[in-house]
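Worksheet: one structure, shown below.
The values are calculated or read from the model by the stated rules, or taken from the named source; none is laboratory data. Because the structure is a prediction, the values reported are computed rather than measured. Please note: Cβ atoms are built from the backbone with ideal geometry, for glycine as well, and neighbour counts cover all protein chains shown.
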Amino acid sequence: MAERIILGGGGHAHLSVLADWALRPLAGAQCRLVTSSRYTAYSGMLPGWLAGNYRADELLIDLAPLAVQAGAELVIADIVGLDADARTIDLSSGASLAFDLLSLGTGGQADVTRLSALGDKLLPVKPVDGFISKWSAFAEQAPRRGTAEVVVVGGGAAGVEMAFGIDAALRRCNVQARVSLVTHEAGFLAGHAEKARALVLAALARRGIATRYAHANGTPDGLILSDGTFLHADCVVAATGSRAQSWLAHSGLACSAQGFVQTRANLRSISHPFILAAGDVIERIDRQLERSGVHAVKAGPVLAANIRASLDDTSLDGSRDHTYSPRDRTLYLLAHGNRKAILSWGSFVTAGKWVWRLKDWIDRGFVQRYQSAATKMNAKGT
Ligand SMILES: Cc1cc2nc3c(=O)[nH]c(=O)nc-3n(C[C@H](O)[C@H](O)[C@H](O)COP(=O)(O)OP(=O)(O)OC[C@H]3O[C@@H](n4cnc5c(N)ncnc54)[C@H](O)[C@@H]3O)c2cc1C
């Protein structure tokens, strides 16, 4: 019987675990949610916030009432260490917590190794709440400067959407703006069909966003590209994909060469079955899965089921486990600024205003499901 259960991270992967606990409390267990911030941001709506389609509070989910409903103690701190054998985590507050069962959903960090020389000009997209406050400060100063040269580094779905969002944001600021997207060619919408890449390139060109295929290195004034070009920048937005958090390397958990937690389809660590993990923090050993919110969200119910299975199954042999086995193609809805979006689903690609309306409906629906649970708690005065 796992008595002390810790959820590490309150993001996409763990929201449905909290919802599951709220519906069916875990009898006899002491549950904790340890996470960096009380609010979790739905990253899929961040480009829409930049474009002026959403207020910041429309993409933020308050974890405090969700934790109360789930019967979990909310601990606001970063996990800075894990000893998988001793079953303890160390927190940024200096405290240590023991667990019988741990579920990791701490996501990844933006990989800014090559960009760090930019100093204050560097804005990593994650954590999203940090991005929102830093971008707000930059956008507030932009009209005083009169010009804004912004480069987005990273050609995945997030980088592309951020470039469109930033372009729309700067148009609203009424400044002379130059937005560029820098990505190495193989990383530009990797895994998407050629038609999706062509539609995005055409939309970037229509907006006057220059796309450059290169590797970028930061300097205090901008970027040096691998073709030798210097790109001046007032601000560089890093959407460079996920890097594993460093404390995992010393945890004793089996990790991939890049430092991500290795799991099977049942989302259990291959070395420590009492540690589960999902979302951007993992690397599956049975198949390659891209790090995306879609997979983090869809893995959530599997995590919830397998946490329950662990309560009754002390052998942890996985025989009662559910598995997360997504189909080969994943639906992506890529917004490009002016309430239009591109639907990319394997080889099926289409675009239009209706795609944006579908994305808006899905995204708002997801956030409101968790926000309305929070509102109900607040109305009860808890
Ligand atoms: C701008 C942008 C747009 C995106 N758009 C899409 C999209 O349209 N579709 C899509 O599928 N994916 C999208 N993604 C990717 C998606 O955001 C991630 O794949 C998803 O957030 C991963 O979910 P997660 O639960 O693993 O981590 P997260 O949702 O990042 O959650 C991590 C949680 O852990 C907490 N945390 C982090 N470190 C620690 C620590 N050390 N200790 C304790 N708590 C910690 C954080 O505060 C957070 O609560 C986008 C990403 C970005 C940046």
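Quick test for you: out of Gly156, Gly94, Gly130, Gly105, pick the one residue that is out of contact with any Lys or Arg (no Cβ under 6 Å at 6 or more places or on another chain) and on the phi > 0 side of the Ramachandran plot. Testing whether each residue is out of contact with any Lys or Arg (no Cβ under 6 Å at 6 or more places or on another chain) and on the phi > 0 side of the Ramachandran plot leaves just Gly94.
When residues in the stretch 182-206 are screened for being aliphatic (A, V, I, L, M), assigned to a helix (DSSP H, G or I) and touching a residue at least 12 places away in the same chain (Cβ under 8 Å), 5 of them pass. Within the stretch 78-99, residues that are over 17 Å from Gly9 (Cβ atoms) reach partners that are within 14 Å of the ligand (Cβ to nearest atom) and not in a strand (DSSP E or B) with beta carbons closer than 7 Å, at six or more positions or on different chains, in the pairs Asp83/Ser251; Arg87/Phe99.
Assessment of the stretch 16-35 against the conditions (among the hydroxyl-bearing types (Ser, Thr, Tyr), within 16 Å of the ligand (Cβ to nearest atom), over 27 Å from Trp356 (Cβ atoms) and out of contact with any Asp or Glu (no Cβ under 6 Å at 6 or more places or on another chain)) yields at least one matching residue. In the condition set (1) crowded, with 18+ Cβ neighbours inside 10 Å; (2) away from the ligand (no atom under 12 Å from the Cβ); (3) at pLDDT 90 or above; (4) under 30 Å from Met45 (Cα atoms), Ala299 is compliant with all but (2). Go through the stretch 225-264 and count every residue that is more than 24 Å from Gly130 (Cβ to Cβ) and not assigned by TED's automatic domain parsing to the domain that holds Ile209. Going through the stretch 225-264 one residue at a time, the tally reaches 11.
When you scan the stretch 227-247, do you find a residue that is assigned to a strand (DSSP E or B), away from the ligand (no atom under 16 Å from the Cβ) and in contact with a His (Cβ under 8 Å, 6 or more places away or on another chain), even just one? No, there is no match, as no residue in the stretch 227-247 is assigned to a strand (DSSP E or B), away from the ligand (no atom under 16 Å from the Cβ) and in contact with a His (Cβ under 8 Å, 6 or more places away or on another chain). Just one of the listed residues (Leu60, Leu46, Leu101, Leu66) is more than 25 Å from Glu161 (Cβ to Cβ), crowded, with 17+ Cβ neighbours inside 10 Å and within 12 Å of the ligand (Cβ to nearest atom), and it is Leu66. Determine whether Arg212 is closer than 25 Å to Ala335 by Cα, among the charged types (D, E, K, R) and not in a helix (DSSP H, G or I). So Arg212 fits the description; yes. Take the conditions (1) surrounded by fewer than 19 Cβ atoms within 10 Å (Cβ to Cβ); (2) closer than 27 Å to Tyr213 by Cα; Ser133 misses just one of them, which is (2). Taking (1) modelled with pLDDT under 95; (2) surrounded by 19 or more Cβ atoms within 10 Å (Cβ to Cβ) in turn, Glu290 satisfies each apart from (2). Exactly one residue out of Leu289, Leu276, Leu267, Leu311 is in the same structural domain as Ala84 (by TED's automatic domain parsing), more than 10 Å from the ligand (Cβ to nearest atom) and more than 19 Å from the chain's Cα centre (by Cα): that is Leu311. Flag not set for Arg284, criterion: on the phi < 0 side of the Ramachandran plot, within 16 Å of the ligand (Cβ to nearest atom) and touching a residue at least 60 places away in the same chain (Cβ under 8 Å). Among residues of the stretch 327-345 being under 12 Å from Arg197 (Cα atoms) and in contact (Cβ under 8 Å) with a residue 60 or more places away in the chain, the one that is nearest to the ligand (Cβ to nearest atom) is Leu334.
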